[in-house]
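Reading through the structure tokens given below for one structure.
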Amino acid sequence: MAGISFRSRPRSARRSPKSPPGVRRGFGSVRVDVTVGATSWRTSIFPDSKTGTYLVPVKKAVRVAEHLETGDEVWAQLQVADL
């Protein structure tokens, strides 16, 4: 298992991440707080121009704690950070 894997945020998600002016960072990333199951962490999500979605990096420690495997559907709560 790699140290970090990326999950794409589906197009069918209700809302696109909207960030106030000045919140976007390098490569169009947006700093967010993420919760999956009982695990929360702060990271940046990155736009993926090929799929029109955002990529959410998920560390190995999170995947292990939440029993996530490659290909699993993952429900995550994201909130724009640093407001």
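The values are calculated or read from the model by the stated rules, or taken from the named source; none is laboratory data. Everything numeric here is computed off the predicted structure, so don't read it as measured data. Positions of Cβ are backbone-derived with ideal geometry, glycine not excepted, and every protein chain shown enters the neighbour counts.
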From the list ARG42, ARG14, ARG24, which residue is modelled with pLDDT of 60 or more, farther than 18 Å from GLY71 by Cβ and among the basic types (Lys, Arg)? ARG42
Take LEU68 and decide whether it is surrounded by 11 or more Cβ atoms within 10 Å (Cβ to Cβ), out of contact with any His (no Cβ under 8 Å at 6 or more places or on another chain) and not in a strand (DSSP E or B). yes
